[in-house]
Amino acid sequence: MFYMMMRMNYKTILLVLTITVINYIFTSWNNCGSNILNRTKVRRDRLISESGYQEIDCNINGEYLIGCRREGDEVYIPFSFIHKYFEVYGKLATYDGLERFEWLHSYSKIVRPKSKYDPRGVFMTFENYNVEVRERVKCVSGSDGVPMSTQWESQGYYYPTQIAQFALSHYSKNLTEPEPHRKIIEDADKVKQEWTVPQGSVMKRSYDTQTNSHVLRFATPETSSSGISLPLDHVLSFVLKLDLSIKDNGSITVVMQHRERKDSYFLHYTTSSIILHTNNNHIYYGIGQTNNQWRRLTRDLVVDLQKGLSINEKGKKKMSRSKLKVIKILLYGSGRIDNVTLSTSEHMEQFYDAAKWFVVNQNVTSGGWPNPVRRKVASNMEILEPGWYSAMGQGHAISVLARAYYHSGDEKYLQAAVRGLKPFRIPSEKGGVAAYFLDKFVWYEEYPTTPSSFILNGFIYSLIGLYDLKCIASSKDADEAKELFDKGMISLKNMLTLFDTGSGTTYDLRHFTLKSAPNLARWDYHSTHINQLLLLNTIDNDEIFMNTAERWIGYMNGKKAAHN
């Protein structure tokens, strides 16, 4: 048990580790709203122990009575109480064989930019993001190749902000990670395998005019349960990529095995509309119908396996990639496949799956990517009904599309990004994302609430999207993005310190618009605010960004603004 040691004059605070277990443990923290002093007082033995300490009661602000220890002029308070009361963090750590206790005021980290932000390069620190493995992601859709969220509705839906973060993460990883290891399994031309073809099934390699290459054509009887199979013994590379054009009754099954327990798992990719379904160790993803057209399918097999297994076992321990292997591929129905590959990663394939999703799913008239769920941000704020737009989602999408245009040169991405500017010009109460603070400073709303919420991190993310397009587009498209960006920066510079509490930051300004208590930012949001300011400081050297960022970094180390 850890204790904080306090001198009786309460001016010196130290942390110590006691060597015996106390006979009283504070167990009523969950009842901290009640006055424990009004309860029957617990009598305790006050004899001084052989270790030289005495057990005493500590009266915390007249509200809590907890067990402490006294040793001479020092008082020791359980760190478990200090942790919750002051929201500080501590852990034992060993360095060079010596054990010590580490005290932290924040659990988050700051990442200082190494160079000026480049809209063509890594997006903030998103190379460290693994969006698809988040608990609030149901799965990566088989039909679109993008994550489906369960954040506000359990059945799963497309959340533009999350899809964009998925894309920006993979784009950033592609720039920061080593080249992936790839193994071509079958390309029907240079690499050919010996598939097992059951009686009644057909497989042949032939030239395909659509792809201008040789492909594998296959067909199995509808009554066949064995399928055309290819045995494998493949480890470590678990991202499957292939081109396919299969008919309505077709499917591709990948069989994986746990290398120690020898359990087998069957991942079925079927021409259906189901999102995700499991039946024991059989996991089904619907990939939609190809309508006799070629498409590329890219799947992280381990992510697909884990998401399938976790449906019926929430919190199931994640499987290590090193404990798995691919042992078979099976083909059912009829169709064509080509370029079957297993890789350690396929970041750009997954990035473009998301970029294409933004092109296809944009409301061309409004320029927005609607959020299809109801969202209640706070009491006394009107509920956002399905179809609302988010400035953060718009900005993130523009950041994705600007990079897709830069990387590919395809105008469709640029045109979608430019259309994405439209909601920034429409008032939030009329379906857009633009709100005004005191009728003076424009603010692009992450959640266009009534009254306005003025969320800081979402606003800055929208500014980064506008900046990305301003730098990558040209002529009037760049001018429009620049105008919106410049107006937003004026607002940010004038309103930034409104989010400063003197010991941290607020997530939004609901304490102003709702006249309520401040909505304090968690440390991970607080550190996001800082990282965003450090990024902005690389493109605009106004001293408010660095001065504010440094002050906010101080808050993470326990510093506070001075008293009067």
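Summary table
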item: In the stretch 66-102, the residues that are at negative phi, surrounded by fewer than 16 Cβ atoms within 10 Å (Cβ to Cβ) and outside any helix (DSSP H, G or I); result: Asp73, Tyr89, Lys91, Leu92, Ala93, Thr94, Tyr95, Leu98, Glu99, Arg100, Phe101, Glu102
item: Flag if Ser320 is of a type in the set (Gly, Ala, Ser) and either surrounded by fewer than 17 Cβ atoms within 10 Å (Cβ to Cβ) or touching a Phe, Trp or Tyr at 6+ places or on another chain (Cβ under 8 Å) (or both); result: yes
item: Only one of Ala481, Ala434 that is in contact (Cβ under 8 Å) with a residue 60 or more places away in the chain, in contact with a Lys or Arg (Cβ under 9 Å, 6 or more places away or on another chain) and of a type in the set (A, V, I, L, M); result: Ala481
item: Wholly enclosed helices (runs of 4 or more DSSP H) of the stretch 323-432 bearing at least 2 residues farther than 26 Å from Pro180 by Cβ; result: 391-408, 411-419
item: Those residues of the stretch 271-309 which are in a strand (DSSP E or B), without any contact (Cβ under 8 Å) to a residue 40 or more places away in the chain and farther than 23 Å from Lys325 by Cβ, in sequence order; result: His277
item: Residue in the stretch 181-196 that is closer than 30 Å to Lys323 by Cβ and modelled with pLDDT under 95 present; result: no
item: Every pair of residues 6+ apart whose Cβ atoms lie under 8 Å, when the first sits in the stretch 143-161 and is surrounded by 22 or more Cβ atoms within 10 Å (Cβ to Cβ) while the second is assigned to a strand (DSSP E or B) and of a type in the set (Gly, Ala, Ser); result: Tyr159/Ser149
item: Qualifying residue in the stretch 173-186 (condition: under 16 Å from the mean Cα position of the chain (by Cα), closer than 16 Å to Arg375 by Cα and touching a residue at least 60 places away in the same chain (Cβ under 8 Å)); result: no
item: All helices (runs of 4 or more DSSP H) inside the stretch 438-536 with 2 or more residues being over 19 Å from Leu401 (Cβ atoms) and basic (Lys, Arg); result: 475-495
item: Selection from the stretch 134-152 of residues that are touching a Lys or Arg at 6+ places or on another chain (Cβ under 8 Å) and β-branched (Val, Ile, Thr); result: Val137, Val140, Thr150
item: Which listed residue, of Val122, Val111, is without any contact (Cβ under 8 Å) to a residue 60 or more places away in the chain, outside any strand (DSSP E or B) and not hydroxyl-bearing (Ser, Thr, Tyr); result: Val122
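The values are calculated or read from the model by the stated rules, or taken from the named source; none is laboratory data. From a predicted model like this one, the values you see are computed outputs, not experimental measurements. Cβ sites come from the backbone with ideal geometry, for glycine too, and all protein chains shown count toward neighbours.
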